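Reviewing the structure listed below.
Just so you know, all these numbers are worked out from the coordinates, no wet-lab data involved. Only a predicted model underlies this, so the values are computations on that prediction, with no experimental measurement involved. Ideal geometry is used to build each Cβ from the backbone, glycine not excepted, and the neighbour counts take in all protein chains shown.
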């Protein structure tokens, strides 16, 4: 059987630059963005993502070695999901600093059948082929970790700059469901956040000045990678 995807498919490629912020730095960034960027129409949103991996954690073990190319698959919901609410199966790859993301909208039962190898996604385009290939290549995938946080997303009117602030990132490695609740163990000290700048080319000068004024430097922080080292490794 095949899962037919009638909903829009998303494709993204960009640079994603991360920074780990403490509570004061988070507020400083929010204040400094006024007049430059706007919060998107969703405001602050709770996000939960199931990360899939092989039984021996092949994907995350490879990722934390910082290879030139790495990839992962996750299932994302905005707020608590139900069996029928839309969720997003994402294939994310990073090569030489550029992030490529393929995403389709589905439901939890359909994705569960897909991950178990009981169904394929109907291949109406290249993205579905890539997602099917990923699952078939790794053969046995299982839910390995649930990552949760509150995200505020910003956009630059008339430009391609996007920025997100993920507050109180947390995780759990048991009860890995999108339908239960939003509790989890903190990945960082309380009040910390992860700033992520998403650009097609380079960070604008005004934003570089904001970061350098408070000595905020780029970090290679990985939510799933940190969870793995804390709880699984």
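For the chain, the longest principal axis of the Cα atoms and the long axis of helix 23-33 meet at an angle of about 80 degrees. Helical runs assigned H by DSSP (4 residues or longer) give the chain a calculated mean residue ellipticity at 222 nm of -6000 deg cm²/dmol, each run adding -39500 (n - 2.57) before division by the residue total. Helix 126-138 versus the longest principal axis of the chain: what is the Cα-based angle in degrees, 0 to 90, to the nearest 10? Helix 126-138 sits roughly 70 degrees off the main axis of the chain. Between the C-alpha center of the range 159-213 and that of the range 57-109 there is a gap of 15 Å. Taking 66, 44, 142 in turn, the Gaussian network model of the chain (Cα-Cα springs below 10 Å) assigns the largest fluctuation to 66. What number do you get for the range 2-232 when its Cα radius of gyration is normalised by 2.2 N^0.38 Å, N = residues? Output field value: 1.02.
Compactness of the range 191-233 is given as radius of gyration and Dmax, 13.9, 40 Å, from Cα positions. Select from 75, 33, 163 the residue whose mean-square fluctuation is largest in a Gaussian network model of the chain (Cα-Cα springs shorter than 10 Å). Among 75, 33, 163, the largest mean-square fluctuation in the Gaussian network model of the chain belongs to 33.
With 10 Å bins beginning at zero, the pair-distance distribution over Cα atoms of the range 137-233 amounts to 13, 37, 30, 18, 3 %. Dividing the mean sequence gap of close Cα pairs (under 8 Å, 6+ apart) by how many residues the range 95-172 holds gives a relative contact order of 20 percent. Our summary gives the chain a relative contact order of 30 percent, counting only alpha carbon pairs under 8 angstrom and 6 or more residues apart. Going from the fewest other Cβ atoms within 10 Å to the most, the residues 226, 82 appear in the order 82, 226.
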